[in-house]
Structure formats: C-alpha cells, structure tokens
1. Counting residues that are touching a helix residue (DSSP H, G or I) at 6+ places or on another chain (Cβ under 7 Å), open to solvent by less than 40 Å² (accessible area, probe 1.4 Å) and closer than 30 Å to ARG80 by Cα, which helices (runs of 4 or more DSSP H) fully inside the range 95-214 reach at least 1?
2. Do you know which of the residues in the range 142-166 that are under 13 Å from GLY180 (Cα atoms) and out of contact with any strand residue (DSSP E or B) (no Cβ under 8 Å at 6 or more places or on another chain) is modelled with the highest pLDDT?
3. Failed condition for PHE223, given (1) open to solvent by 30 Å² or more (accessible area, probe 1.4 Å); (2) closer than 26 Å to GLN146 by Cβ; (3) in a strand (DSSP E or B), with all others met?
4. Can you tell me which condition ARG7 does not meet? The list is (1) out of contact with any strand residue (DSSP E or B) (no Cβ under 9 Å at 6 or more places or on another chain); (2) modelled with pLDDT of 70 or more; (3) open to solvent by 70 Å² or more (accessible area, probe 1.4 Å), and all the others hold.
5. If only one of ILE52, ILE71, ILE30, ILE61 is part of a loop (DSSP other than H, G, I, E, B) and either open to solvent by 90 Å² or more (accessible area, probe 1.4 Å) or modelled with pLDDT under 70 (or both), which one is it?
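The values are calculated or read from the model by the stated rules, or taken from the named source; none is laboratory data. On a predicted model such as this, the values are computed, not experimentally measured, just so you know. Ideal geometry is used to build each Cβ from the backbone, glycine not excepted, and the neighbour counts take in all protein chains shown. Heavy atoms of the whole protein, side chains included, go into the accessibility calculation; ligands, DNA and RNA do not. Shrake-Rupley method; radii C 1.70, N 1.55, O 1.52, S 1.80 Å.
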Amino acid sequence: QEIFAARILSEDEDIIGAEIKHQQIGFVQIGLSTRKIHEDWYNAIWYGVIPIGLGVIFGGICITFLITKYIVSPLRDLTRVTQNIAKGDLNHTVNIHSNDEIGQLSMHFNKMAEALKTSYAELKREITNRMLTSEQLRKLSQAVEQSPAAVVITDTKGNIEYINKKFTTITGYTSAEAIGKNPRILKSDKKTPEEYKELWETIISGKEWAGEFLNKKKNGQAFWEYAFISPIRNHDGEITHFLA
C-alpha cells in the first residue's frame, strides 16, 4: 500500500511547514503465507478424500462380488438348469446349498425336477404299454374282422354291438342293419322257448353254451349254424357282454 505523509512533526516545524504535505515517503507490503492452507488441503485430500474414495471403490467391488456370488451366479445356474429341462434333459440339478431364499428355491426346484423326471418315466412306460396294447388290439381286431366264422358281440340284454364281415356274408345283414337289434332277427321259430331259456340261464351264470340253430337270413332263406356263446368279463369279474 502507498503511504502518504499528511504532516511531519519535528523540532523545526516552522521551517518545514506545509511544504511536504501529501509527499510519498515509501511502501508497506502485508503478506500472508498460503503454505499452511496448501498443507491442510493436501492432508485433507490424502488422508481424507482418497481413503474414502478407495473405501467406496473397494466396498463397491466387495458388494459386486457378493451379489455375483450369492445372487447372480445362483440365478444363472437356475436359468441354465431350467433351459436344459425345457429341452427335455431332466438329469440336471441346481447345486446350491445355502439357507437363504435362493437356497430354498433351489431345493424345491430340484424336488420339482425329480418329480417331473419320475412322472416322465411313468408316462413313457404308460405310452409304451398303451402302444403295445394298441398293437395287440389291432391284431385282435383284424383277426376277428377277418375270421372265417361269423362273430357277434352283444350287451347283457342281448342287443348287438358288433358283427364282423362274415356275419354279413352269411346272413345278409349289414352293420347298420344289425347293430342295436337283437339276434332274434335270425330266429326261425324252429327252436323251443325252453331251449332259449336254457341258453340264457347258462350264459348268464357265466358258463359257455354250444349248440345248433336253424336260423333264417335277411332274404328269408333258412340255414343251419353251430354256435358257441360265452360271457365277457371285466377286471372285476362282472359279465359285461356276450360273444357268439
């Protein structure tokens, strides 16, 4: 700052007087060292901000690692196993044994996959058995349909449910004409009521009956037939149909 003298007091004040009013006599500099401030900032940054920043970074890395290990990786394993199961591969399980929610989910998921595997195996066996049964039924159906003898299946009241081609060839009645009817359509009144009663009592009791009939065809022509009639039972042993 510039310093101006307004007045100089001396022993000879009258001689000097006001001649030296406002005369510049020198400079005064007032300085402030900032080294302490710089040191404080440096210490604050080095011992405060940097450790906190490093702590935040390290903490973030640790949190990311923990999330990846305990959440992301298990979920990734679950996704992988789910995709394999969706492709039909049921031999994979989730290897997570923690006690948290994800561990519980993995345990129940493995139980579900095991139950699904068991159900799939049972279904596969059932399909195989059904295919074998279906093949057997197909062969049996072909054998009955192509049999050289006439075949008739009735319910327990005697209503016709099935006839084969040979029946149509012999009697002249087609399936549409015979199904739902009673075998009495072939009756020629050459057999006594007592003989028919004996026939029904035999087959209703679960026994087989064999004998001859003098029946008539659709066109009225008479013909002799030798018949075998036997009951058909279900799994409980109950008579459900008759086979002639």
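1. Helices (runs of 4 or more DSSP H) meeting the threshold: 101-145.
2. Going through the qualifying residues, I end up with ASN159.
3. The number of the failed condition is (1).
4. (2)
5. ILE30
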